[in-house]
Amino acid sequence: MSNFDYDHWWSLHLRVAKGENLSTQEQRDYELGLGQLDSQSESSESDTIAYLRSLRAAINRALNLHAELTARSAELDRKIVALESNYQRITGHSLSLEPHAPA
């Protein structure tokens, strides 16, 4: 089986599963097909693992960026509080978002 013929291999596999005996050539074809399927599976698994590792790296980068942005947001919140406090101390006016007229 130089070119893998899955349908042919599958028919041999069903016969093996039923306990039938294969000819020497059929046994050789069956084992070559098993080898090819195993190598494809290993290749697919390594591709999947590489993809999962790249996803994990992307998630870690996103987590680091999130942590940096959270820290920057907290720093800006502290500056806003300080600036609003200074503004109120200097002008006597609050910058709160409360309505100025009763509802």
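Before moving on, here are some points about what is shown:
- Equivalent ellipsoid dimensions for segment 6-89 as semi-axes, Å, which come from the Cα gyration tensor, largest first: 67, 10, 6
- Net dipole in debye of the chain [+1 Lys, Arg Cβ; -1 Asp, Glu Cβ; about Cα centre; nearest 20]: 800 debye
- The label point for LEU22 and the one for ALA71, both projected 7 Å from the Cα toward the Cβ, are 6.1 nm apart.
- Sum of -39500 (n - 2.57) over DSSP H runs of 4+, divided by residues of the chain (222 nm, nearest 500): -28500 deg cm²/dmol
- Computed from phi, the 3J(HN,Hα) profile of segment 15-32 under the Karplus parametrisation 6.51, -1.76, 1.60 (θ = phi - 60°) reads 5, 5, 4, 7, x, 6, 8, 9, 5, 4, 5, 5, 4, 5, 4, 4, 5, 5 Hz, with x in place of Gly and Pro.
- Residue-count net charge about ASN60 - beta-carbon cut-off 15 Å; Lys, Arg +1, Asp, Glu -1: +2
- Ordering LEU76, SER46, ASN64 by the projection of their Cα atoms onto the charge dipole of the chain, which places +1 on the Cβ of Lys and Arg and -1 on the Cβ of Asp and Glu, puts LEU76 at the extreme positive end.
- Between LEU97, LEU37, TYR87, the Cα set farthest toward the positive side of the dipole of segment 35-103 (charges on each charged residue's Cβ, about the Cα centre) is that of TYR87.
Every number here is computed from the coordinates shown, using simple stated rules; none is lab data. Since this is a predicted model, take the numbers as computed values, not measurements. Here Cβ is always computed from backbone atoms with ideal geometry, including for glycine, and neighbour counts include all displayed protein chains.
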